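Following: one structure in structure tokens, then a few remarks.
The values are calculated or read from the model by the stated rules, or taken from the named source; none is laboratory data. Everything numeric in this text was worked out from a predicted model, so none of it was measured. Virtual Cβ from ideal backbone geometry, glycine too; neighbours counted across all protein chains shown. SASA here: full protein model, heavy atoms, side chains in, ligands and nucleic acids out. Shrake-Rupley method; radii C 1.70, N 1.55, O 1.52, S 1.80 Å.
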Amino acid sequence: MNSPRLAEPLKAVLGARTAGGLRKLGLESVGDLVRHYPRRYGAPGEMTDIGALRVGEHVTVMAQVRSSQVRTMRSRGGAMLEAIVTDGSATLQLTFFAKRAGVLRMHEDKLRAGRTGLFTGTVGEYRGRRQLTHPDYLIVGVDAASEDEAVLEASRPIPIYPASAAVPTWRIGRSVRTVLDPLTATDVADPIPDALLAERNLPGLREALQLVHVPDTDDDWKRGRDRLRFEEAFVLQTALARRRASHAELRATPRAARSDGLAAALDAQLPFPLTDAQVAVGKEIAADLERDRPMLRLLQGDVGAGKTVVALRAMAQVIDAGGQAALLAPTEVLAAQHVRSLRHLMGSLADGGMLGGADGATRITLLTGSLGTKARRQALGEAASGAAGIIVGTHALLSEGVQYADLGLVVVDEQHRFGVEQRDALRERGEKPPHTLVMTATPIPRTVAMTVFGDLETSVLAQRPAGRAEITTHLVPADNAPWMARTWQRVREEVEAGRRVYVVCPRIDDDAAVVSDDAVVSDDAEVETSVDGEITLDIADAVVANEPDVPLASVTGTVEMLRQRPELEGISIGTMHGRLAADDKEAAMSAFARGDTPVLVSTTVIEVGVDVPEATMMVVLDAERFGISQLHQLRGRVGRSDLASLCLLVTRAEDGTVAQERLQALADTADGFVLAEKDLELRREGDVLGAAQSGGRSSLRLLRAVRDADVIDAARVAAGAVIDADPELSAHPALASAVSEWLDPEREAFLERG
Ligand code: ADP
Ligand code: MG
């Protein structure tokens, strides 16, 4: 629970105008504002590279005033102030207009030659000179009460806040100081226990806030920041430790393996030998299922590692013990495909209750939203009666409307964002929670797994089935006509060799602004990295997210274009995207798999799990619009047999941009884990943890998974010790409330109101 002082609305403290601007940044209360940390610090001596500013950009620059002069304008009447600021080499003009010269004297007085300041505005151009018109600015040291203070001020690191055009960084800084000054250590209760502070030699929360917001030296803010970073990791790890502890108290039905049942029959008829990794992970899962504690296991395995058969063997064990299994896919397309491939792997073992079904055979039922009323009723009946051992669908399978005879296992496929809430919903279903297996091909670096999935056990399928050919990946510049012609020629060659080709586009049609059009695992948040009016000192940060002048490739547009290409004459082209009806999607996939339409133009719907072994080539258009992990997933749709495969990433990204670097990373390695690390490294502010776990004020601000692995490790140990000693956190009220705020911001809001 926040103290009354922290809960105070900013409006009451700072006035409506300032509070209004801050609200646009999501800052409502005193507590929100003091937790709005600077994103970097400027040093008064470090000037911004003015030569690198681009017209149209909203910037904050640090520069020195070279001259300033008020002039009256004879032609138009009125007056004008022109100041020139410089970084030592290039110059930038600042222009202010007013009706009367007197109004401008105030600026002239502040903008004295030799002074250093921060200037913010949108870069314009006038007669070939770059300028800021009516910039907002802060002159370093001028607002100080005394000479001494001015000197101190001028030598202090300057906090640069995440800001907006409406509220410049220094206004935020001033507001922070206004609300921070009167706060005492009692007002800001520290979630880190005193003993731990002492042990790790960390400043208390009140002091840390002072250090990051009003540092005297660089060491100050670093010390404050490190402590706040540790706090984030610690609160999160405490939440996860508590979750683990409460999970340990749950009881599930043990599902003992049998040597004479479905599982054994399945193993005896598998069309391939299991890899060692599949066998090993299978043993771990089998042992979990025999316990009376619900399994909560994350199975990671790169695309094509063969996770489905691992899941199927677990399902068979549960069915042998009288239970049922539900398999959740992220999309209906994938659910339908799972049914096909499970039936294929099981053969007559999936014909339970039918003439000719094998002994101990079971039934696989597809249950999705797009089934007709009759089919749906039948599927629901099979789930409720227990006739179906395996029920396949989307997450709707867990909704209230679906009853099971005895749900023993839930397998969640390809949903690395299967959140804590969904897992909780599962846990709360029925009397005894089912065992849960979450499968993902998106490699999750260890630290992320520990953080986002900190309450799951983890298994890794590190080995791919033998006999898989390599996938070669190349970048193709979109504006290079000969290369593009060659690309389509390669498509033809592939088709003529009896293979299939995917062509992936970021949009469905020309009016659709979407990048991903289905509820698939996607990184669209990352694709849309824009700097939304954010002021930044470092323009290298401003990612190339400007809308391109050429529209993005769409499925409909690309189909039309390809039908005109001489290289593809006479080749049937299919279409696939999330807006097609479920039947049409099915039909499109089967026609592609059969080779009736050997070229399939699609959105990212095919991103996960789609399995067509004959597919040996993929062309991704506007590849820079997709995230690394998303492209890796997409690429996993080819190279699924012993046929060498090719992936071409067509891009307009320019050399030396982050976008291009990301694509190059894909061309350089096929190792999903390496790519996941690279991905994290290249993301600017976009933080996997924050995005995956929660938004708003309880998200992680300072912690970064890869860089802060040590901090996370240390916090995990410390949190475990605290929870072991005091599971209810009764001796640590501030920690308890920070934890519940993290886990459930809404409930926290409710408590505050009550
Ligand atoms: P993913 O881990 O991406 O979900 P799948 O389970 O779809 O991978 O498996 C990819 C393909 O590999 C499927 O066609 C599957 O039948 C096949 N496969 C799985 N295990 C083996 C194995 N041990 N040997 C050969 N092929 C296998
Ligand atoms: Mg799969």
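Quick one: which of 293-300, 432-439 comes out on top by average Cβ neighbours within 10 Å, and what's the full order, highest first?
Highest-to-lowest ranking by the protection proxy: 432-439, 293-300.
Rounded to the nearest whole Å², what accessible area per residue is found for segment 602-654 with the 1.4 Å probe?
19
Ordering Glu46, Glu108, Glu231 by accessible area with a probe of 1.4 Å, largest first, what comes out?
Glu46, Glu108, Glu231
Work out how much length Arg293 to Ser370 would gain on full extension: take 0.36 nm times their residue separation and subtract the Cα-Cα distance, in nm to one decimal.
Going from the current span to full extension adds 24.2 nm.
Collect residues whose amide H, placed 1.01 Å from N in the peptide plane, falls under 5 Å from the amide H of Arg363; neighbours closer than 5 in sequence don't count.
Gly352, Gly389, Ile390
For segment 274-389, I need the span (max minus min coordinate) of the C-alpha atoms along each principal axis, in Å, sorted largest to smallest.
42, 30, 29 Å, listed from the longest principal axis down.
For the charge dipole of segment 299-407, defined by +1 on Lys and Arg C-beta atoms and -1 on Asp and Glu C-beta atoms about the Cα centroid, which residue among Val339, Gly393, Ala375 has the Cα displaced farthest towards the positive pole?
Of the candidates, Ala375 comes out farthest on the positive side.
Pairs Lys24/Lys99; Lys222/Lys678; Lys585/Lys678; Lys374/Lys585; Lys24/Lys678; Lys283/Lys678: which exceed 30 Å Cα-Cα?
From Lys24/Lys99; Lys222/Lys678; Lys585/Lys678; Lys374/Lys585; Lys24/Lys678; Lys283/Lys678, over 30 Å: Lys24/Lys99; Lys585/Lys678; Lys24/Lys678; Lys283/Lys678.
Once the whole set of protein chains is in place, how much accessible area is left on Thr120, using a 1.4 Å probe, in Å² to the nearest 10?
Probe radius 1.4 Å; accessible area of Thr120 about 10 Å².
With +1 on each Lys and Arg Cβ and -1 on each Asp and Glu Cβ, how big is the dipole of segment 287-408 about its Cα centre, in debye rounded to the nearest 20?
It works out to roughly 280 debye.
Got a number for carbon plus sulfur as a percent of segment 558-605's accessible area, 1.4 Å probe?
Accessible surface attributable to carbon and sulfur in segment 558-605 totals 46 percent.
Give the carbon-plus-sulfur fraction of the accessible surface of segment 44-156 in %, rounded to a whole number; probe 1.4 Å, heavy atoms of protein chains only.
46
Using a 1.4 angstrom probe, figure out how much accessible area segment 229-294 has per residue, in square angstrom, rounded to the nearest whole.
46
Highest mean first, what order results for 72-83, 659-670 on Cβ atoms within 10 Å?
In decreasing order of mean packing, 72-83, 659-670 become 659-670, 72-83.
Order these peptides, 218-230, 614-626, 464-476, by their mean beta-carbon neighbour count within 10 angstrom, highest first.
In descending order of packing, they fall as 614-626, 218-230, 464-476.
Give the ranking of Val717, Val658 by solvent-accessible surface, highest area first, calculated with a 1.4 Å probe.
Val717, Val658
Working with all protein chains in place, sort Arg23, Arg499 by solvent-accessible area computed with a 1.4 Å probe, largest first.
Arg23, Arg499
How big is the antiparallel share of DSSP beta bridges in segment 44-156, given as a percent to the nearest 5?
Of the beta bridges lying entirely in segment 44-156, close to 90 percent run antiparallel.
Hey, any idea what Rg/Rh is for segment 44-156, computing Rh the Kirkwood way over Cα pairs?
0.99
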